[in-house]
1. So what's the angle, to the nearest 10 degrees on a 0 to 90 scale, between helix 81-91 and the longest Cα principal axis of the chain?
2. Whole angstrom only: what separates the Cα centroid of segment 108-143 from the Cα centroid of segment 7-57?
3. For the chain, which whole-number percentage of the solvent-accessible area (1.4 Å probe, protein heavy atoms only) is attributable to carbon and sulfur atoms?
4. Please identify, among Leu23, Leu179, Leu71, the residue showing maximal mean-square fluctuation in a Gaussian network model of the chain using a 10 angstrom Cα cutoff.
5. Give the long-range amide H neighbours of Leu98: residues separated by 5 or more places, or on another chain, with amide H under 5 Å away, using H modelled in the peptide plane at 1.01 Å from N.
6. In a Gaussian network model over the chain where Cα atoms closer than 10 Å are linked, find which of Leu46, Leu169, Leu22 has the largest mean-square fluctuation.
7. Over the chain, with the other protein chains present, what is the accessible area per residue in square angstrom, probe 1.4 angstrom?
8. Determine one quarter of the surface area of the Cα convex hull of the chain, which equals its mean projected area, and express it in nm² to one decimal.
Amino acid sequence: MDESMLARLEQRLGHVFRDRSLLVTALTHASIADRRLVSNERLEFLGDAVLGLVACEHLFRWLPERLEGELTKVKSHVVSRQTCAEIAGELGLDECILRGKGMGPRSSLPQSVRAAVLEAVIGAIYLDGGLEAARVLLLRMLESRVEQASRTGHQYNYKRVVQQRLTTLGIAPPMYIVLDEEGPGHPKCFEI
């Protein structure tokens, strides 16, 4: 990987790695790694936990009047695959992923791959600079999203909103019937 690309990425992340091999590993997708142990999957596992911890602590402190159920709803939106993929794009991580040829062009990378690389980079920053270094990046990227999610109330789970409303009106929950499915595995679209 090009050193100048890594330096630009470090600048966008706000963290200069003491051990750049952690960053390179975080950017290495399993499709190009010789062995899965040298891919970003273990760092993704760690980064997911760090992301959850930082998000939960921030919500706990920032929204002291909210109950745990409400905090959970906000957290689920803030650390969702969609949000992580968006942040990865904002940071330009999707442009830096080392991946196998079979994955297609960068412009069509699945949301799950973009989200995973963010979590892996979070794990790498945590190992390289500690929790505070990871917290700095995450709060910079999450604060506006936390504010938005805490204001919307339902965190974009429209199905749950409808079901809760029907329950309060004493109406049985709807029955869902799949009429049609389109698209490949993960980004499938359903007609219900």
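1. 40 degrees
2. Each part's Cα centre sits 7 Å from the other's.
3. That fraction is 55 percent.
4. In this elastic network of the chain, the residue with the biggest mean-square fluctuation among Leu23, Leu179, Leu71 is Leu179.
5. Thr28, His29
6. Result: Leu169 has the largest fluctuation of those listed.
7. Result: 59 Å² of accessible area for each residue.
8. Over all viewing directions, the chain projects a mean Cα-hull area of 13.0 nm².
The values are calculated or read from the model by the stated rules, or taken from the named source; none is laboratory data. Quick caveat, the model's predicted, so the values are computed rather than measured. Positions of Cβ are generated from backbone atoms using ideal geometry, with glycine treated the same way; all protein chains shown enter the neighbour counts. Just so you know, the surface numbers come from the protein's heavy atoms only, side chains and all, with ligands and any DNA or RNA stripped out. Shrake-Rupley method; radii C 1.70, N 1.55, O 1.52, S 1.80 Å.
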